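The values are calculated or read from the model by the stated rules, or taken from the named source; none is laboratory data. In this text the structure is predicted, and so the values were computed from the model without any measurement. Don't worry about glycine lacking a Cβ; one is built from the backbone with ideal geometry, like all the others, and counts go over all protein chains shown.
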Amino acid sequence: MIVSRRFALTLFSGAALSAAPLVALAAGSGSRRLAFEHIHTGERLAATYRTETGYDREALGDIAHVLRDWRTGEVMEMDPALLDQLFEVQAKLGHGGAVRVISGYRSPKTNTALAGAGRGVAKRSLHMQGRAIDIALPGIRTPDLRDAALALKSGGVGTYSRSGFVHLDTGRVRRWGS
């Protein structure tokens, strides 16, 4: 069944999003599902982005739309390895709810503006390549989220305890923050 992006966003919003655990499959199995709630746009999406036969291009497009630069509206394809990291972190924590998105893709224009405003933004941020995401998981403490991400030993993990979120990326393995 082919579902439009607008229909999928409507279908999976509100009560439908929180009605059932969304990380139903063990990490390592072929099929993977994630749910997102973007704090700036209010958009929600639940999507099976990987099936037994591979990544679902339509679902990846829907995810890219929700994770777009909310300031400019620009969309960038997100690195599927980043989604796999996120799936693994949720599975490790037994978290079945939506990922609260603070920042997904960030356009060069937005990144330059944030860096210039002294917001602690890297000039060559992996957000601009669709390889980074800043998240929180409702019901999960920031240090626990950080520890689960670090345990994967894949990519960068930044902790922003005062703001209550963790940065994940598919760059080299490194860590920063409190």
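Within the range 94-113, restricting attention to residues that are crowded, with 19+ Cβ neighbours inside 10 Å and out of contact with any strand residue (DSSP E or B) (no Cβ under 6 Å at 6 or more places or on another chain), the residue that is nearest to Gly164 (Cα to Cα) is His95. Against the conditions (1) over 22 Å from Ser31 (Cα atoms); (2) of a type outside the set (Val, Ile, Thr); (3) buried (at least 20 other Cβ atoms within 10 Å of the Cβ), Arg44 satisfies every one except (1).
Scanning the range 81-90 for residues that are of a type in the set (A, V, I, L, M, F, W, C) and surrounded by 19 or more Cβ atoms within 10 Å (Cβ to Cβ) gives Leu82, Leu83, Leu86, Phe87, Val89. Within the range 112-138, residues that are acidic (Asp, Glu) reach partners that are modelled with pLDDT of 90 or more with beta carbons closer than 6 Å, at six or more positions or on different chains, in the pairs Asp134/Ile102; Asp134/Ser103; Asp134/Phe165; Asp134/His167.
Entry remark, the range 120-135: residues being in contact with a helix residue (DSSP H, G or I) (Cβ under 7 Å, 6 or more places away or on another chain) and in a helix (DSSP H, G or I) number 2 in total.
I'm checking my understanding of the structure. Among residues of the range 115-169 that are modelled with pLDDT under 95 and at positive phi, which one is farthest from the chain's Cα centre (by Cα)? Going through the qualifying residues, I end up with Gly118. Please go through the range 102-140 and give me each residue that is among the aliphatic types (A, V, I, L, M) and more than 19 Å from Leu152 (Cβ to Cβ), ordered by number. Ile102, Ala113, Leu114, Ala115, Ala117, Val121, Ala122, Met128, listed by residue number.
Would you check if Pro138 is in contact with a strand residue (DSSP E or B) (Cβ under 9 Å, 6 or more places away or on another chain) and either among the basic types (Lys, Arg) or outside any helix (DSSP H, G or I) (or both)? The answer is yes for Pro138. In the range 144-175, the residue that is farthest from Asp134 (Cα to Cα) out of those that are surrounded by 20 or more Cβ atoms within 10 Å (Cβ to Cβ) and of a type in the set (D, E, K, R) is Arg146. For the range 124-143, which positions are closer than 28 Å to Thr72 by Cα and surrounded by 19 or more Cβ atoms within 10 Å (Cβ to Cβ)? Selection gives Ser125, Leu126, His127, Met128, Gly130, Arg131, Ala132, Ile133, Asp134, Ile135, Ala136, Leu137.
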